[in-house]
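K.L.:
This is the structure, below, for whatever I ask next.
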Amino acid sequence: TPPELIRNFSIIAHIDHGKSTLADRMLQATGVVQARDMRAQYLDRMDIERERGITIKSQAVRMPWEVDGKAYALNMIDTPGHVDFSYEVSRSLAACEGALLLVDAAQGIEAQTLANLYMAMENDMVIIPVLNKIDLPAAQPEKYAEEVASLIGGEPDDCLRVSGKTGEGVPELLDRLVREIPSPVGDPDAPARAMIFDSVYDTYRGVVTYVRVVDGMLKPRERIEMLSTEAVHELLEIGVSSPEPKPSQGLGVGEVGYLITGVKDVRQSKVGDTVTSAMKPATEALAGYQDPKPMVFSGIYPIDGSDFPVLREALDKLKLNDAALTYEPETSAALGFGFRCGFLGLLHLEIVRERLEREFNLDLIATAPSVIYQVTMEDRSEVTVTNPSEFPSGKVKEIREPMVHCTILTPSEYVGQVMELCQERRGNMLGMDYITTDRVEMQYTLPLAEIVFDFFDQLKSKTRGYASMDYEPEGEQSADLVKVDILLNGEGVDAFSAIVHKDAAYAYGLRMCSRLKELIPRQQFEVPIQAAIGSRIIARETIRALRKDMLAKCYGGDISRKRKLLEKQKEGKKRMKAIGRVDVPQEAFIAALTSD
Ligand code: GTP
């Protein structure tokens, strides 16, 4: 297809605002999927995917659409809908010239949509505003059309009104896509350059890589090169999804499709990378490539130590489809053998953990999430700390922590509560805008560490569920941080060490000490539980010793009862972890880690 007849677009929407339903309608309206074959949500069938272990979900679909007698090819590119994946979103947007801004006409715009919208506007993309679900009795298209117009400019009447449910307005939407979104521009004679905007692992075909061709042409059977790694692969198949994969004789300027090289790991086909032809390689990569960078770390341990090999295997499998997941073995005195895992953010952590538990039947315990700290020592050496227990013990000159730029949308009546929360979390307000009279957009910089710890839940509870937020990384900042250790009878318990702000150290120490006091059974001697910064004790609790006469009781009574007791004790012993002289049931550590 010549570039003049191609339109590449994506849909920017908040979860539940109806992106999948609308996408299905477009497939139907363009005849790509017949109504009778139309199962609910063609593009979004995660459960089936899981059951069959294959990927049906297409990251890009090509649809034919005729306007004024000309046959156009519309490429709809899917964007991930979650905060931790803003880099992936940015690459999907970079593959398009335009975007639909899809807003639920009964809800209005949400923070996450806003963040993606700004990204699209910065890229000078054409934005087509669309209010969805106008069939709902609760829809307020007038009100939200004004909100949208005040954000992107233009008149409220420019907002299309559609219903993914009834199909109303969908043909008009497709016409407008063709008229308003510019056709792609590129040099057909230049060496081939295509940008990877997604890559997914498929059990049968290996990695399926989705690309947008910028210059030149990619043809089947030729050798292709990934510019970031200079790795060369044979291009086994190239084609378009419509929505089933259709092999083609090549993809040229502006076209969107998939390619298959037989690689087995998405790390060899990285989102944002430039694909070129190995025979006549391009010298300059397309802008915007970033290596996936884990931001949040957590130790993940099987509750049953014998599951460790299963956990390793499960992580090896997940990795095939998740270029951002990192892990390495780690041992903890309190929790045994596990892995230190790195994630893009808290949500990514939760997704991985849930998949491990559900798909691999594992019971897991995760240590409190931690961010990456850069520590400069007095002797000017630099240390990167992803695990508080690795914090250097020498003289520290400076500690820097990662910061994020956070966008919060809230009804105006909760502005005070949101400000209070952000201040508590060491936030710095950058600005505040009334989008409409009753909705406010607030911008903050906040330490990432403050966000990973319960921020989202707090925000929701302080605004009765009405506020929404989004964040993106924004450099690092020096801060007054200390490492707090928890000592049991003088021995450090690694799983509970934390790096916290100086002002929060005492509260953290006290909380952990009193929690452990509740959970650890009495021993035959008195056990102090202490919180310390270096050698300075900042909080203390004491587990009193068992009284002598309580012990004595065990030695009386009939012999069978005594034997039973001894057996029980032996069983219990297996799950005990010894911290110095103190025996602690593993459950106590688990409870202490989960009771937040
Ligand atoms: P995620 O897949 O979670 O990102 O959500 P999504 O944005 O793809 O939304 P989805 O299409 O799954 O729709 C969310 C809910 O809204 C579903 O219950 C749909 O049935 C409903 N819905 C979608 N479009 C319409 C519409 O036009 N009218 C009405 N009444 N309901 C709709």
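K.L.:
Divide by every residue of the chain the summed helix terms, -39500 (n - 2.57) for each DSSP H run of at least 4, and state the resulting mean residue ellipticity at 222 nm, rounded to the nearest 500 deg cm²/dmol. Each step should come with its number before you reach the end.
P.N.:
Working: 15 runs with 160 residues, N = 596.
Result for the chain, helices only: -8000 deg cm²/dmol.
K.L.:
Return a whole-number percent for the relative contact order of region 194-252, with Cα pairs under 8 Å and 6 or more residues apart as the contact set.
P.N.:
Working: 88 pairs, mean separation 16.1, N = 59.
Relative contact order for region 194-252 comes out at 27 percent.
K.L.:
Going by a ≥ b ≥ c, the root eigenvalues of the Cα gyration tensor, does the chain fall in the rounded group (a/c under 1.5), the prolate group (a/b larger than b/c) or the oblate group? If you can, show how the numbers build up before the last one.
P.N.:
Values: a/c = 2.10, a/b = 1.78, b/c = 1.18.
Since a/c reaches 1.5 and a/b is larger than b/c, the shape of the chain is classed as prolate.
K.L.:
Any chance you could run the full-extension gain for residue 454 through residue 524? It's 0.36 nm times the residue separation minus the Cα-Cα distance, nm to one decimal. Intermediate values should be presented prior to the final figure.
P.N.:
Details: separation 70, 0.36 × 70 = 25.20 nm, distance 3.75 nm.
The span from residue 454 to residue 524 would gain 21.5 nm if fully extended.
K.L.:
Separate question: If you fit an axis through the alpha-carbon atoms of helix 141-152 and take the longest principal axis of the Cα set of the chain, what angle between them do you get, 0 to 90°, nearest 10?
P.N.:
Approximately 90 degrees, to the nearest ten.
K.L.:
In degrees, nearest 10, range 0 to 90: what is the angle between the Cα axis of helix 170-180 and the longest Cα principal axis of the chain?
P.N.:
It is inclined by approximately 80 degrees.
K.L.:
Distance in nm between label sites at residue 472 and residue 124, each 7 Å beyond Cα in the beta-carbon direction?
P.N.:
Taking the two extended label points, one gets 1.8 nm.
K.L.:
Next up: Calculate the all-directions average of the projected area of region 366-406's alpha-carbon convex hull, and give it in nm². Display every interim value, and only then the final one.
P.N.:
On the way: hull surface 14.5 nm².
Mean shadow area of the hull around the Cα atoms is 3.6 nm².
K.L.:
What ³J(HN,Hα) values, in whole Hz, does the Karplus curve 6.51 cos²θ - 1.76 cosθ + 1.60 give for region 202-207 when θ = phi - 60°, with x put for Gly and Pro?
P.N.:
Per-residue couplings from phi come out as 10, 3, 8, 9, x, 6 Hz.
K.L.:
As I understand it, the dipole of the chain uses +1 on the Cβ of Lys and Arg and -1 on the Cβ of Asp and Glu, about the Cα centre. Which of 471, 516, 183 lies farthest toward its positive end?
P.N.:
Positive-most Cα among the choices belongs to 516.
K.L.:
With Cβ to Cβ distances under 12 Å as the rule, what net charge do the other residues near residue 387 carry (K, R +1; D, E -1)?
P.N.:
On the way: positive: 340, 483; negative: 328, 330, 390, 494.
So the surrounding residues net to -2.
K.L.:
Based on the alpha-carbon gyration tensor of region 408-507 and its eigenvalue square roots a ≥ b ≥ c, which shape applies: rounded if a/c is under 1.5, prolate if not and a/b is larger than b/c, or oblate? Don't skip to the end; give the middle numbers.
P.N.:
Working: a/c = 3.13, a/b = 2.23, b/c = 1.40.
Here region 408-507 falls in the prolate category.
K.L.:
Need one word for region 288-344: rounded, prolate or oblate. Basis is the Cα gyration tensor (sqrt eigenvalues a ≥ b ≥ c); a/c below 1.5 gives rounded, then a/b vs b/c decides. All intermediate terms of the calculation are to be shown ahead of the outcome.
P.N.:
On the way: a/c = 3.82, a/b = 1.79, b/c = 2.14.
Since a/c reaches 1.5 but b/c is at least a/b, the shape of region 288-344 is classed as oblate.
K.L.:
Using unit Cβ charges (K, R positive; D, E negative) and no other charged atoms, how large, in debye to the nearest 20, is the dipole of the chain about its Cα centre?
P.N.:
Numbers: 70 positive and 91 negative charges, 664 e Å.
Computed charge dipole of the chain: roughly 3180 debye.
K.L.:
Another question, then. Once you have the alpha carbon radius of gyration of region 137-267, what is it after dividing by 2.2 N^0.38 Å, with N set to its residue count?
P.N.:
Rounded to two decimals, the normalised Rg is 1.42.
K.L.:
A follow-up question, please. May I have the extent of the alpha carbons of region 372-467 along their three principal axes, as whole Å values ordered from largest to smallest?
P.N.:
Result, largest extent first: 55, 22, 15 Å.
K.L.:
Further question on the same structure: Identify the trypsin sites (Lys or Arg not before Pro) of region 439-489 meeting these criteria: DSSP loop state and at most 14 other C-beta atoms within 10 Å of the C-beta.
P.N.:
On the way: sites: 439, 460, 462, 464, 483; in loops: 464.
Qualifying residues, ordered by number: 464.
K.L.:
Please name whichever of 542, 321, 387 sits farthest to the positive end of the charge dipole of the chain, dipole taken about the Cα centre and charges placed at Cβ: Lys and Arg +1, Asp and Glu -1.
P.N.:
Among 542, 321, 387, the one farthest towards the positive end of the dipole of the chain is 542.
K.L.:
Here's a follow-up. What FRET efficiency comes out for residue 583 versus residue 328 if R0 is 30 angstrom and r is the Cβ-Cβ distance? Round to the nearest 0.05. Mind showing how you got there, number by number?
P.N.:
Details: r = 29 Å, r/R0 = 0.97.
So the FRET efficiency works out to roughly 0.55.
K.L.:
Something else about it: Between the DSSP loop rule and a limit of at most 15 other Cβ atoms within 10 Å, which chymotrypsin sites (Phe, Trp or Tyr not before Pro) in region 432-511 are left? Don't jump to the answer; show the numbers that get you there.
P.N.:
Values: sites: 434, 444, 453, 455, 456, 466, 471, 496, 506, 508; in loops: 453, 466.
Answer by residue number: 466.
K.L.:
Quick check: the angle from helix 346-359's long axis to the longest principal axis of the chain, C-alpha only, nearest 10 degrees?
P.N.:
On a 0 to 90 degree scale, this one is about 80.
K.L.:
Now for a separate question. Whole Å is fine, so just give me how far the alpha carbon centre of region 235-296 lies from that of region 91-160.
P.N.:
29
K.L.:
Please report, for the Cα atoms of region 326-408, the Rg to one decimal and the Dmax as a whole number; what are they, in angstrom?
P.N.:
Over region 326-408's Cα set, Rg and Dmax evaluate to 15.7, 48 Å.
K.L.:
Just grab the label-to-label distance for residue 312 and residue 540, each label 7 Å out from Cα along the Cβ direction, in nm (one decimal).
P.N.:
Between residue 312 and residue 540, the simple spin-label model gives 4.3 nm.
Bear in mind that the values in this text are calculations on the coordinates, not laboratory data. Bear in mind the structure is a predicted one, so any value in this text is a computation, not a measurement. In this analysis, Cβ positions are derived from the backbone assuming ideal geometry, glycine residues included, and neighbour counts consider all displayed protein chains.
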